[in-house]
Amino acid sequence: MTPADALKHPTWKMGNRITIDSATLMNKGFEVIEACWLFDFAPDDIEVVVHPQSTVHAMVEYNDGSVVAQISATDMRMPIQYALTWPERAQAPVPKIDWREARKWEFHPPERAKFPLLDLAYDAQRNGGSATCVLNAADEIAVGAFLQNRISFPSIARVVAETLERMPNREPTSVEEILEIDKTARRVADNVIDTRSVAFAPAAVPARA
């Protein structure tokens, strides 16, 4: 997996970091953390499924088994607009879904062994304290290193995991402390990459005939 390969998202057009986070499923881990804070959920109350068509963006299951879904075009302008105009609904510059067209929606459980960053995000939220701050900082450094061909694609998760192991979890009491934790985590992640550069280096891609 090269940076060029990982940046070819089949349905979304996003910035480089978000696209790589999508390829590792870290973006879903961040969304689990966001949902916990926004809706006062425990991590285990939230499930992630892989939906290749990128049309159903979230679902809420009620006690009686009924499900309410948020369904829209694969375009972030609509939810961004709604966040800005809530509770009003305004016309959005995105295509509408044509319900007369035949379509198929698939949902699959994530292959967690292939995407360890998802479980790292769940664990960070369960652990609380500074863990999620460290998670985000380490991921940003690791993704940047991958995009610069300094580390391999699987090494993104290894860098994040080792940074979390090296950083003691604590309860921040101020914004300044959170910023200091973020800065330290980035420095630790860089050190992890530098000290493990041979182990983390991407494999050579054979030349095509």
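The table below gives the values:
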| quantity | calculated |
| --- | --- |
| Heavy-atom surface of the chain, accessible at 1.4 Å and reported per residue (Å²) | 64 Å² |
| In sequence order, calculated HN-Hα J values of region 116-121 (Karplus, 6.51, -1.76, 1.60; Hz; x Gly/Pro) | x, 5, 4, 5, 4, 5 |
| Per-q log10 I(q)/I(0), the chain, q = 0.17 Å⁻¹ (Debye; single scatterer per alpha-carbon; no solvent) | -1.29 |
| Amide H contacts under 5 Å for Val50, placed H, 5+ residues apart | His108 |
| Ranked packing of 54-64, 118-128, 136-146, most packed first, by mean Cβ within 10 Å | 136-146, 118-128, 54-64 |
| Rounded to 10°, Cα long-axis angle of helix 26-39 versus longest principal axis of the chain | 60 degrees |
| Nonlocal Lys pairs with alpha-carbon distance under 19 Å, the chain (8 or more apart, or different chains) | 6 |
| Rounded percent of accessible protein surface that carbon and sulfur make up, region 58-177, 1.4 Å probe | 55 percent |
| Segment Trp12-Gln91, length gained on full extension (0.36 nm per residue, minus Cα span) | 26.3 nm |
| Helix 175-195 vs. the chain, principal-axis angle (Cα, 0 to 90°, nearest 10) | 60 degrees |
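The values are calculated or read from the model by the stated rules, or taken from the named source; none is laboratory data. Quick caveat: nothing in here was measured; it's all calculated off a predicted structure. Heads up, the Cβs are rebuilt from the backbone with ideal geometry, glycines too, and the neighbour counts pull from every protein chain shown. When the accessible area is computed, the model is the full protein with side chains, heavy atoms only, and any ligands, DNA or RNA have been set aside. Shrake-Rupley method; radii C 1.70, N 1.55, O 1.52, S 1.80 Å.
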